[in-house]
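Report on one structure; see the data block that follows.
What follows is calculated from the coordinates using simple rules that are stated; it is not laboratory data. The structure displayed is predicted, hence computed values, not measured ones. Neighbour counts are summed over all protein chains in view; Cβ atoms, including those assigned to glycine, are modelled from backbone coordinates with ideal geometry.
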Amino acid sequence: MSHIIVFLCRQGKDEAAKRSLVRLIGNVPGYNVEHEFSVLKYEVQASEALTRLYSSNDWAAMFKGNNFSRVCVSSFPLILQVSSAS
């Protein structure tokens, strides 16, 4: 699947995405553009919903739970290096 078709679908440009699908696939007998586009639209919406569900855009999230220990472990070498420099 071409990335431009997914991009157009995310932007809400349905007709342009359908034209791109037809241009990509061509005139294949039995190919249903409407069905293929509805499947694509569903996948894009499901992907965006999962992204919203699992993303934490709050900067304070790095100081909570397992993220805090990861921040400490990853920043310790840098802090040690800076503090030991003459």
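Couplings 3J(HN,Hα) of the range 66-79, computed from phi: 5, 5, 5, 5, 5, 5, 5, 5, 6, 8, 4, x, 5, 5 Hz, in residue order, whole Hz [Karplus 6.51 cos²θ - 1.76 cosθ + 1.60, θ = phi - 60°; x for Gly and Pro]. The Cα atoms of the chain define a convex hull whose projected area, averaged across directions, is 9.5 nm². Ranked by the mean number of other Cβ atoms within 10 Å per residue, highest first, peptides 35-42, 75-82 order as 35-42, 75-82. Taken about its Cα centre, the chain carries a charge dipole of about 140 debye when Lys and Arg each add +1 at the Cβ and Asp and Glu each add -1 at the Cβ.
Counting 0.36 nm for each residue step from Lys41 to Phe7 and taking away their Cα separation leaves a gain of 11.2 nm.
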